[in-house]
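Here is the structure we will look at.
The values are calculated or read from the model by the stated rules, or taken from the named source; none is laboratory data. Bear in mind the structure is a predicted one, so any value in this text is a computation, not a measurement. Please note: Cβ atoms are built from the backbone with ideal geometry, for glycine as well, and neighbour counts cover all protein chains shown. With ligands, DNA and RNA removed, areas are computed over all heavy atoms of the protein, side chains included. Shrake-Rupley method; radii C 1.70, N 1.55, O 1.52, S 1.80 Å.
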Amino acid sequence: MLKKAFLIFTITVLAMACSTSDESSGGVTDNFDRTAMLTNWADNIIVPVYEDLNIAVTNMVTEKDNFVNAPTQANLDSFRTAWYNAYKIWQSAEMFNIGRAEEINFGYQMNIYPTNITDIQNNIQSQNYDLANVNNNDAVGFPALDYMLYGLADNDMDILSFYTSNADAAKYLAYVSDLVNQMESLTQDVTQSWATYGQTFIDNANNTATGSINKLINDFMFYYEKGLRANKIGIPAGNFSTTPLPDKVEAYYRNDISKMLATEALTAMKDFFNGKHYNSTTTGESLSSYLDYLNTIKNGEDLSVLINNQFDTAQSKINTLDDSFADQIAMDNTKMTEAYDALQMAVVLLKVDMLQALNVSVDYVDADGD
Amino acid sequence: MLIKLTSYFNKQTHPAPLAVFRIGFGLMMLASIIRFWSYGWIEKLYLEPQFHFSYYGFEWVKPIGNYTYLLFVICGLSALFVALGLKYRIAIITFFISFTYIEFMDKTTYLNHYYFISILSFLMCFLPANAYFSLDAIIRKKQYHQIPKWTINSIKLLLGIVYVYAGLAKINSDWLCKAMPLKIWLPSKYDLPFLGENVMQQEWFHMAMSWSGMLYDLTIPFFMLYKRTRGFAFALIVFFHVFTRVLFPIGMFPYVMIVATLIFFDAAVHERILNGFRKLCNVLKLKASTIEISNYKFQNQKIILPILGLFFTIQLLLPFRYLLYPNELFWTEEGYRFSWRVMLMEKAGYTEFKVVDAVSGHSFSVNNSDFLTPFQEKQMSTQPDFILEYAKYLEQHFAAQGHKNIEIYVDSFVALNGRSSERYIDPKVDLLKQTESFKPKNWILPFKDDIKGL
């Protein structure tokens, strides 16, 4: 009796539930090679970026030394060019907050903006500072150099005078020198760490909160949402305040490169997503190919295409902006908020759709589920 | 009929299964509390957040600062007292109240298995679980060898409801036809030894797991009821729960269920388990004085039976309350909790709040991490009642900061069981004009797909 009832029940359920089945099943036999993805990230993206950054920062040290020895307009220009080149490459490096970079808070020591002029001036005057101290995060790195190279006065002559005729010229020279040297030692530290950390990174392929894949995806998401979307565009455009805050743009004192920096960052994120080797057109295993693999199981929409399209839309919105975001905000802030909205749509695709597909926890929530 | 009922409620049975259940339950709960504490979750879930999500009508239940630790001490101690059968009635009532209070402090942490513990401990308040093999028996120098049979059966009934309803909830097109959400979860277990890189990636395996999970839940209590199938069924229970423990982060729940389902075995089996405890007591040289054996007289049965009747009626009906709501249950989650819907959804969301000054038109977005923990933000993003409660909190916060004419709108997207993300909440609705109630929330945008089934 019980058996019969059970049989009838099962058949009914089968017929009822699956009458509209939309399965187009094809057996999945291949397994996605996550180690290959990690290897691609480490060997073809992260390490080459750090090495390039290291060269650029070392070059910045050379130009800085020339400038300190002879603070002339020509040496200032060369120093500024070196800063510009390094800052540009930095946009490809900031998202990798993992390993040594995470331990020393590399990002916080290199690119916290807006920089704090009061802190910088206090440091210069006191000549007694620990640049690695958390309290100095907003008085060091690229934004502090932005101020030291472009923000001390309105014109180059007056800026130079801070390093030549000013009563505290020696203090200014010492501070700008210490800033660059600190950036060099940090960059070297992080770059060299990968000689040993690289293998640890690749081997740690588990799907746990501390696994390399989960950690780097979290870094990627965090940088996209905060570092790029909010810091570069949203906050200055006033998305998080009642009025726009144009003095919070990146490289505020140089003024005309905030668009370039944002474009570099978005390109770097897109390239990382697609596993594109640094400074090359070759691609390898990536989040994009991982999503494609999972899609063969799920038969869902082609998420990697949607995400790439949204990156492109966001870029085309950024392209319409002025080279200086501060000027753009003053002229027509709606274009800024449009760019923000386009970036925002990609956050949804990344944070909701991609994370769901990859089944990666967004953070370190380790409570029970059921 | 009435005579049959009366004679059923007068049937007696040996109390050993209930005694073992009491000991097992108490020890498991004590272990759960210790585990919870040792992981730092009291601090992380109840003390660190600046804001807590409350159940509708229970807004007054909040963490009580550092006294929250005391609450856990009380809860753990009462669990120990339950295990020992010492001052059982006071202990189990204390446990029920303290545990339920803890669960009501923040609905972010809602889990079906916490709810199960709450209602099970409520039921146990009415059962003579200290009649046999308890310190109470030693103290009163009286031990009972017969208790009403229905007391043990009531626990079996509750377990049966949990399993069968969990099984019924699995009869839907996402689970059975698409093998969702297992199809998302299992491939991500690629790092599992032996199974991770092959079967976990196979569609047939996801399907097989979905179907066998549904059949298991629906049938296991019945197989446990019959002596001939009981041994096999219990082996299945152990296998199933251990397997899910390996796959998913579900804490103590599998062990609790394994221990709880022992109650289906007859008294002889439990006597053997108790003999194990007796030997342990002998080794420890604990010797009880001679205990008089007597027949248990259930007091107030006339009052308690209707109470439990009502309790079980509610248990049977509550999971179906979703039928009163017009929209898709998985999408709106109206009537989702307290219904044994376990592991049915992979839901991810993103919700950004916009605070608007209705007069000046100025607006700004809220950084959720300023107010919520990542766990709270995750839960808030996919559940409308959380979104509304949080919006009201934001109003208070920004009003206190001096903002005027506040309206709050959300940009909200949710993806359910592998579908693409869709807009979730109507972006044109000022959430501050909405009030929480049991009525359908018409500001949730309709679900664009169809999930068939119960």
Inset, instruction - Residues that are in contact (Cβ under 8 Å) with a residue 24 or more places away in the chain, touching a Lys or Arg at 6+ places or on another chain (Cβ under 6 Å) and assigned by TED's automatic domain parsing to the domain that holds A:Met110: find the helices (runs of 4 or more DSSP H) completely inside the stretch A:139-230 holding 3 or more of those. - result: A:169-203
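Conditions tested, residue by residue: (1) over 17 Å from B:Ile23 (Cα atoms); (2) over 27 Å from the mean Cα position of the chain (by Cα); (3) open to solvent by less than 10 Å² (accessible area, probe 1.4 Å).
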site	(1), (2), (3)
B:Lys142	yes, yes, no
B:Asn153	yes, no, no
B:Asn172	yes, no, yes
B:Leu186	yes, no, yes
Legend entry - the stretch A:254-296, residues that are on the phi > 0 side of the Ramachandran plot and surrounded by fewer than 21 Cβ atoms within 10 Å (Cβ to Cβ): A:Asn255, A:Asn279
Inset, instruction - Could you tell me whether the stretch B:424-436 includes any residue that is closer than 29 Å to B:Leu182 by Cα and either not assigned by TED's automatic domain parsing to the domain that holds B:Asn327 or not β-branched (Val, Ile, Thr) (or both)? - result: yes
Inset, instruction - Within the stretch B:406-423, work out how many residues are under 16 Å from B:Ser365 (Cα atoms), within 13 Å of chain A (Cβ to nearest Cβ) and not hydroxyl-bearing (Ser, Thr, Tyr). - result: 4
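Among the residues that make up the stretch A:301-313, is at least one of them open to solvent by less than 10 Å² (accessible area, probe 1.4 Å), in contact with a strand residue (DSSP E or B) (Cβ under 6 Å, 6 or more places away or on another chain) and within 26 Å of B:Lys189 (Cβ to Cβ)? Steps first, please.
Initially, the stretch A:301-313 is screened for residues open to solvent by less than 10 Å² (accessible area, probe 1.4 Å), giving A:304, A:307, A:311.
Of the ones still in play, those that are also in contact with a strand residue (DSSP E or B) (Cβ under 6 Å, 6 or more places away or on another chain) are none.
No: zero hits.
Does at least one position in the stretch B:377-394 carry a residue that is in a loop (DSSP other than H, G, I, E, B), out of contact with any Gly (no Cβ under 8 Å at 6 or more places or on another chain), within 14 Å of chain A (Cβ to nearest Cβ) and open to solvent by 30 Å² or more (accessible area, probe 1.4 Å)?
no
Kindly establish whether B:Tyr216 is open to solvent by 10 Å² or more (accessible area, probe 1.4 Å), more than 21 Å from B:Thr13 (Cβ to Cβ) and in contact with an Asp or Glu (Cβ under 8 Å, 6 or more places away or on another chain).
On the way: open to solvent by 10 Å² or more (accessible area, probe 1.4 Å): yes; more than 21 Å from B:Thr13 (Cβ to Cβ): yes; in contact with an Asp or Glu (Cβ under 8 Å, 6 or more places away or on another chain): no.
Here the answer is no, as B:Tyr216 does not meet what is asked.
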Inset, instruction - Please enumerate the residues belonging to the stretch A:98-121 that are within 18 Å of A:Tyr252 (Cα to Cα) and in a loop (DSSP other than H, G, I, E, B). - result: A:Asn111, A:Ile112, A:Tyr113, A:Pro114, A:Thr115, A:Asn116
Inset, instruction - Working only within the stretch A:82-96, note down all residues that are farther than 10 Å from A:Leu261 by Cα and either among the hydrophobic types (A, V, I, L, M, F, W, C) or at pLDDT below 95 (or both). - result: A:Ala82, A:Trp83, A:Ala86, A:Ala93, A:Met95, A:Phe96
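Select the helices (runs of 4 or more DSSP H) contained entirely in the stretch B:80-192, then report the ones holding at least 1 residues which are among the basic types (Lys, Arg) and outside the structural domain of B:Ser381 (by TED's automatic domain parsing).
Hits in the stretch B:80-192: B:88-104, B:149-169, B:182-185.
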Inset, instruction - State whether the residues of the stretch A:348-361 include one that is of a type in the set (Asp, Glu) and modelled with pLDDT under 95. - result: yes
Inset, instruction - Could you tell me whether any residue of the stretch A:181-203 is surrounded by fewer than 20 Cβ atoms within 10 Å (Cβ to Cβ), within 14 Å of chain B (Cβ to nearest Cβ) and not β-branched (Val, Ile, Thr)? - result: yes
Inset, instruction - Could you tell me whether the stretch B:424-435 includes any residue that is within 14 Å of another protein chain (Cβ to nearest Cβ), within 20 Å of B:Tyr350 (Cα to Cα), at pLDDT 95 or above and crowded, with 17+ Cβ neighbours inside 10 Å? - result: yes
Legend entry - Where a residue in the stretch A:39-67 is in the same structural domain as A:Asn85 (by TED's automatic domain parsing) and its partner, wherever it lies, is among the basic types (Lys, Arg) and assigned to a helix (DSSP H, G or I), with Cβ under 9 Å and at least six apart: A:Ala56/A:Lys88; A:Glu63/A:Arg80
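With the structure loaded, tell me whether A:Ala174 is open to solvent by 50 Å² or more (accessible area, probe 1.4 Å), more than 12 Å from every other protein chain (Cβ to nearest Cβ) and more than 21 Å from the chain's Cα centre (by Cα) or whether it fails that test.
Values: open to solvent by 50 Å² or more (accessible area, probe 1.4 Å): no; more than 12 Å from every other protein chain (Cβ to nearest Cβ): yes; more than 21 Å from the chain's Cα centre (by Cα): yes.
In short, no.
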Inset, instruction - Please verify whether the stretch A:8-30 includes one or more residues that are at pLDDT 50 or above, closer than 22 Å to A:Ala205 by Cα, open to solvent by 50 Å² or more (accessible area, probe 1.4 Å) and not in a helix (DSSP H, G or I). - result: yes
Legend entry - Residue count for the stretch B:197-246, restricted to those that are farther than 30 Å from A:Asp33 by Cβ and not in a helix (DSSP H, G or I): 1
Inset, instruction - Assess whether B:Val342 counts as being surrounded by fewer than 17 Cβ atoms within 10 Å (Cβ to Cβ), touching a residue at least 40 places away in the same chain (Cβ under 8 Å), out of contact with any Lys or Arg (no Cβ under 6 Å at 6 or more places or on another chain) and not assigned by TED's automatic domain parsing to the domain that holds B:Asn112. - result: no
Inset, instruction - Kindly list the number of the only condition in (1) crowded, with 18+ Cβ neighbours inside 10 Å; (2) within 23 Å of B:Lys141 (Cα to Cα) that fails for B:Ala233. - result: (2)
Legend entry - Options B:Leu192, B:Leu127: the member that is in contact (Cβ under 8 Å) with a residue 12 or more places away in the chain, surrounded by fewer than 21 Cβ atoms within 10 Å (Cβ to Cβ) and of a type outside the set (Ser, Thr, Tyr): B:Leu192
Inset, instruction - For A:Gln91, indicate whether it is part of a helix (DSSP H, G or I), outside the structural domain of A:Phe220 (by TED's automatic domain parsing) and buried (at least 17 other Cβ atoms within 10 Å of the Cβ). - result: yes
Inset, instruction - Would you please name the residue that is most open to solvent (accessible area, probe 1.4 Å), looking only at residues in the stretch B:29-60 that are away from chain A (no Cβ under 14 Å) and under 30 Å from B:Lys87 (Cα atoms)? - result: B:Trp60
Inset, instruction - Kindly list the number of the only condition in (1) at the interface with another protein chain (Cβ under 7 Å from one of its Cβ atoms); (2) modelled with pLDDT of 95 or more that fails for B:Ser154. - result: (1)
